[in-house]
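*Asks:* Take a look at this one; I'll ask things after.
The values are calculated or read from the model by the stated rules, or taken from the named source; none is laboratory data. It should be emphasised that the depicted structure is a prediction, and the values quoted were computed from it without experimental measurement. Here Cβ is always computed from backbone atoms with ideal geometry, including for glycine, and neighbour counts include all displayed protein chains.
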């Protein structure tokens, strides 16, 4: 049995799953804040929208991490020519954790910041961008750092066997 | 009884106690509250009302807000109807928003205690039961009447049973009707504090402890002012130890500020006593007590989402309605503007 492959798939799954869960929680928090404000002030929909969708980006980062793992392993090019091996599988699993974990926590916290920003925007619309979006983007930076670490490991930290590049080249 | 309710000779807060943390389950409700808070009457509107030359002008100051009357109407009864409707609406909203039914029941119990107080006073002094009871409590007034007629207090919930037993016992000791109020006040305070501790709400616990302290300050000053021989009516359970209030009853007016200097209520006592001495009136004490409580409720602004936001809105809205009624009643009865300003400023 190819345990290395199982570990690699676990890594890809975790990257998408953890970051996705975080985004779902984050959006739900910001979304509930927005519905509360919109029930009284529907004209603020445009301002609220940006802050509600911001925590959703982590889910995409997780998906991107998982997608690159699959790409490197030639998932879409006819499969693998040889076993992955436990060492490589562990490397791939480790590479997926930064984007998964950073995405999980940052999305939830970003949802809370966005909720605060939405409440601020309800009372002082002119502060919606300054206090709401800018603060939320500051949280976003840490999710981006997690994604970058994952990508750097995947691209430069792992010595991929020939099958991946050869198949991709073909 | 609540676990952590020691009276404090040294306070762990400077102005207001803590209001607790966020509860994200209340996010949507809190957002609605934050939006509705913008409709609360500003200080300017209240000052305009107080400074209005007559009742009609005071009513006209409300025209731009949610208490606006139909065109041409400026009767006190119409305003009263609008205010009572708004108060009922905000209480309904509160019950809808609160996810914890125990908190709703706790706030409804205020009406139970008020109804019970009225009913017991009438029953014990052999007067008719009457019909001026609140329908917003946990227990219908008809049932209260039935229980008191039958003298079967087991039909009451535990807090009302305890209040009734203690009030009846207190009353029959020397047939003093004030004993009914003392007993009900203490049981109500105990019930609120015990429930807040059971719900594990830091905010409610601190809110009720503040309310106990403010009631004690008013009671202490009234007892002193009336030079009353009895020393009853002080409630246990607040932040300030009862001994300090008892000392306050014995000391001269000039020493009261010093006595409360180490408490967050120093300004209330200091300014309240000065006004009481110069004007023989409790207006300033009442105003300062309201101001302190509203200040605590406003400090929930640091919470993004949580039940405390909703409770604070309910109490601030009730306070606003009470203030509008107070100003309009004063204007209708041609009271001096300065007196009104002293009360609401």
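*Asks:* On the basis of being surrounded by fewer than 20 Cβ atoms within 10 Å (Cβ to Cβ) and under 26 Å from residue B:85 (Cβ atoms), does residue B:110 make the cut?
*Replies:* Yes, satisfied.
*Asks:* Output the number of the condition that residue A:139 fails; it satisfies all remaining conditions of (1) touching a residue at least 40 places away in the same chain (Cβ under 8 Å); (2) closer than 16 Å to residue A:30 by Cβ.
*Replies:* Only one criterion in (1) touching a residue at least 40 places away in the same chain (Cβ under 8 Å); (2) closer than 16 Å to residue A:30 by Cβ is unmet by residue A:139, namely (1).
*Asks:* Mind checking which residues of segment A:85-99 are surrounded by 24 or more Cβ atoms within 10 Å (Cβ to Cβ) and more than 14 Å from residue A:57 (Cβ to Cβ)?
*Replies:* Those that are surrounded by 24 or more Cβ atoms within 10 Å (Cβ to Cβ) and more than 14 Å from residue A:57 (Cβ to Cβ): A:92, A:95, A:96.
*Asks:* Examine segment B:272-294 for a residue that is surrounded by 14 or more Cβ atoms within 10 Å (Cβ to Cβ), more than 30 Å from residue B:51 (Cα to Cα) and either under 15 Å from the mean Cα position of the chain (by Cα) or free of Cβ contacts under 8 Å to residues at least 24 places away in the same chain (or both), and state whether such a residue exists.
*Replies:* No, segment B:272-294 contains no residue that is surrounded by 14 or more Cβ atoms within 10 Å (Cβ to Cβ), more than 30 Å from residue B:51 (Cα to Cα) and either under 15 Å from the mean Cα position of the chain (by Cα) or free of Cβ contacts under 8 Å to residues at least 24 places away in the same chain (or both).
*Asks:* Is it fair to say residue B:46 is surrounded by 12 or more Cβ atoms within 10 Å (Cβ to Cβ), within 14 Å of another protein chain (Cβ to nearest Cβ), modelled with pLDDT of 90 or more and over 30 Å from residue A:27 (Cβ atoms)?
*Replies:* no
*Asks:* Pairs needed: first member in segment B:19-33, facing chain A (nearest Cβ under 7 Å) and more than 15 Å from residue A:29 (Cβ to Cβ); second member anywhere, at pLDDT 95 or above and surrounded by 19 or more Cβ atoms within 10 Å (Cβ to Cβ); C-beta distance under 7 Å; at least 6 residues apart or different chains.
*Replies:* Taking only residues 6 or more apart or on different chains, not a single pair turns up.
*Asks:* Filter segment A:1-26 down to residues that are within 12 Å of another protein chain (Cβ to nearest Cβ) and either surrounded by fewer than 24 Cβ atoms within 10 Å (Cβ to Cβ) or not in a helix (DSSP H, G or I) (or both), then give me how many there are.
*Replies:* 1
*Asks:* Any residue in segment A:64-78 that is within 12 Å of residue A:154 (Cα to Cα), part of a helix (DSSP H, G or I) and within 9 Å of the chain's Cα centre (by Cα)?
*Replies:* Scanning segment A:64-78 turns up at least one residue that is within 12 Å of residue A:154 (Cα to Cα), part of a helix (DSSP H, G or I) and within 9 Å of the chain's Cα centre (by Cα).
Conditions tested, residue by residue: (1) modelled with pLDDT of 95 or more; (2) under 21 Å from residue B:27 (Cα atoms); (3) surrounded by fewer than 17 Cβ atoms within 10 Å (Cβ to Cβ).
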residue: B:106; (1), (2), (3): yes, no, no
residue: B:119; (1), (2), (3): no, no, no
residue: B:122; (1), (2), (3): no, no, yes
residue: B:125; (1), (2), (3): no, no, yes
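*Asks:* May I ask you to say which residue of A:45, A:61 is assigned to a helix (DSSP H, G or I) and crowded, with 24+ Cβ neighbours inside 10 Å?
*Replies:* So the residue among A:45, A:61 that is assigned to a helix (DSSP H, G or I) and crowded, with 24+ Cβ neighbours inside 10 Å is A:61.
*Asks:* Another question, then. Mind listing whichever residues of segment A:105-129 are surrounded by fewer than 24 Cβ atoms within 10 Å (Cβ to Cβ) and either in contact (Cβ under 8 Å) with a residue 12 or more places away in the chain or in contact with a strand residue (DSSP E or B) (Cβ under 6 Å, 6 or more places away or on another chain) (or both)?
*Replies:* A:105, A:108, A:109, A:112, A:116, A:120, A:125, A:128 - these are the residues of segment A:105-129 that are surrounded by fewer than 24 Cβ atoms within 10 Å (Cβ to Cβ) and either in contact (Cβ under 8 Å) with a residue 12 or more places away in the chain or in contact with a strand residue (DSSP E or B) (Cβ under 6 Å, 6 or more places away or on another chain) (or both).
*Asks:* Which numbered condition in (1) at pLDDT 90 or above; (2) surrounded by 13 or more Cβ atoms within 10 Å (Cβ to Cβ); (3) more than 14 Å from chain A (Cβ to nearest Cβ) is the only one that residue B:78 fails?
*Replies:* Evaluating residue B:78 over (1) at pLDDT 90 or above; (2) surrounded by 13 or more Cβ atoms within 10 Å (Cβ to Cβ); (3) more than 14 Å from chain A (Cβ to nearest Cβ) leaves (1) as the failure.
Yes or no, residue by residue, for (1) buried (at least 20 other Cβ atoms within 10 Å of the Cβ); (2) out of contact with any helix residue (DSSP H, G or I) (no Cβ under 8 Å at 6 or more places or on another chain); (3) free of Cβ contacts under 8 Å to residues at least 12 places away in the same chain; (4) closer than 22 Å to residue B:272 by Cβ:
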position: B:168; (1), (2), (3), (4): no, no, no, no
position: B:186; (1), (2), (3), (4): yes, no, no, no
position: B:195; (1), (2), (3), (4): yes, no, no, no
position: B:209; (1), (2), (3), (4): yes, no, no, yes
position: B:251; (1), (2), (3), (4): no, no, yes, yes
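*Asks:* Also: Let me confirm something: among B:298, B:322, which residue is within 18 Å of the chain's Cα centre (by Cα), within 14 Å of chain A (Cβ to nearest Cβ), part of a helix (DSSP H, G or I) and closer than 24 Å to residue B:192 by Cβ?
*Replies:* B:298
*Asks:* Check whether at least one residue in segment B:267-283 is under 28 Å from residue B:57 (Cβ atoms), assigned to a helix (DSSP H, G or I) and modelled with pLDDT of 95 or more, and report yes or no.
*Replies:* No: segment B:267-283 contains no residue that is under 28 Å from residue B:57 (Cβ atoms), assigned to a helix (DSSP H, G or I) and modelled with pLDDT of 95 or more.
*Asks:* Any residue at all in segment A:132-148 that is within 13 Å of chain B (Cβ to nearest Cβ) and more than 29 Å from residue A:7 (Cβ to Cβ)?
*Replies:* There is at least one residue in segment A:132-148 that is within 13 Å of chain B (Cβ to nearest Cβ) and more than 29 Å from residue A:7 (Cβ to Cβ).
*Asks:* In addition: Residue check, residue B:98 against (1) within 14 Å of chain A (Cβ to nearest Cβ); (2) modelled with pLDDT of 90 or more, all met but one. Which one?
*Replies:* Every listed condition holds for residue B:98 apart from (1).
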